[in-house]
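Reading through the structure tokens given below for one structure.
The values are calculated or read from the model by the stated rules, or taken from the named source; none is laboratory data. These numbers were taken from a predicted model, which means no experiment stands behind them. Methodologically, a virtual Cβ is constructed for each residue, glycine included, from the backbone with ideal geometry; neighbour enumeration extends over all protein chains shown. Please note that ligands, DNA and RNA were not included when accessible areas were found on the heavy atoms of the full protein model with its side chains. Shrake-Rupley method; radii C 1.70, N 1.55, O 1.52, S 1.80 Å.
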Amino acid sequence: MSGASGRVAAAERGETRIADRVVAKIAAQAAKEAVEEPAKDGASPRATVTVHRDTARVRVSLELQYPSDIGRQCGAVRHRVAMRVKALAGMEVPEVAVQVERLHPSGASLAAQGRIR
């Protein structure tokens, strides 16, 4: 405690800890925002996070529409997740692993295969 005022110095007040599940929700929402055209019948992105002090390692599972530039979309997801976790949780994100669980054919590709008329 400092002086007669009874105030606790900033360094002695403690710390704010953000739960892993909160960071995972931020990451999943950021991944959803980064996908250009979400698959119509696809599940929402899911994320798991491991937090150690002020660093978060993120794994995102998602479904994409096909045909599309999968590499570009995964890169956009990595970038957006790292940016949003840093901005909202104040954590560095040295690694974002993106796992594409399923590819959903677009209406145009189904029509080309003769499945839709």
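Of all residues in the range 38-49 being modelled with pLDDT under 95 and in contact with a helix residue (DSSP H, G or I) (Cβ under 9 Å, 6 or more places away or on another chain), which is nearest to residue 105 (Cα to Cα)? If we take residues in the range 38-49 being modelled with pLDDT under 95 and in contact with a helix residue (DSSP H, G or I) (Cβ under 9 Å, 6 or more places away or on another chain), then 40 is nearest to residue 105 (Cα to Cα). Going through the range 33-53 one residue at a time, which ones are among the acidic types (Asp, Glu) and open to solvent by 90 Å² or more (accessible area, probe 1.4 Å)? Hits for the range 33-53 are 36, 37, 41.
Let's see how each residue does on (1) open to solvent by 30 Å² or more (accessible area, probe 1.4 Å); (2) not in a strand (DSSP E or B):
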| residue | (1), (2) |
| --- | --- |
| 18 | yes, yes |
| 31 | no, yes |
| 59 | yes, no |
| 71 | yes, yes |
| 81 | no, yes |
| 85 | no, yes |
| 94 | yes, no |
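Name the one entry in 11, 28 that is within 16 Å of the chain's Cα centre (by Cα) and not polar (S, T, N, Q). Step by step, each of 11, 28 is checked, and only 28 is within 16 Å of the chain's Cα centre (by Cα) and not polar (S, T, N, Q).
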